[in-house]
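All remarks here apply to the structure that follows.
The values are calculated or read from the model by the stated rules, or taken from the named source; none is laboratory data. In this text the structure is predicted, and so the values were computed from the model without any measurement. No Cβ is skipped: glycine too gets one built from the backbone with ideal geometry, and neighbour counts run over all protein chains shown. Accessible surface is based on the protein model in full, side chains and every heavy atom, while ligands, DNA and RNA are left aside. Shrake-Rupley method; radii C 1.70, N 1.55, O 1.52, S 1.80 Å.
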Amino acid sequence: MISGLLMGGTFMGIVAIAMQYATTISGKASANTVATMAAVYGIGQIIGPIIVAATAPEQGFSIAFVISSISLLFAAGLLFVEKIWEMKQRTQI
């Protein structure tokens, strides 16, 4: 029960921060932004366990950790590119 509360509380905080950032990026608070974020979270929660279930029997969790690390680095790269693009837009104005 305690682990469920701690994990759920952490997840809620991450979701709240991500929703705020998505609203900041889109420039307005809208139902479409929240719906898109919820859909992306849902897709990740479906695909993640499927990948682990497919790779864990032969490789253990090593491949799953590598795939999740690559996904995280890819997301960080997208964020970095978005920030660079945003800075270029500001300097052109």
Practice prompt. Might you check whether a residue that is surrounded by 10 or more Cβ atoms within 10 Å (Cβ to Cβ), modelled with pLDDT of 80 or more, among the β-branched types (Val, Ile, Thr) and assigned to a helix (DSSP H, G or I) occurs anywhere in region 2-13?
Written response: no
Fill in: Top-ranked residue in region 43-67 [being open to solvent by 60 Å² or more (accessible area, probe 1.4 Å) and within 12 Å of the chain's Cα centre (by Cα); ranked as nearest to residue 22 (Cα to Cα)]
43
Practice prompt. Report yes if residue 33 is open to solvent by less than 60 Å² (accessible area, probe 1.4 Å) and part of a helix (DSSP H, G or I), otherwise no.
Written response: yes
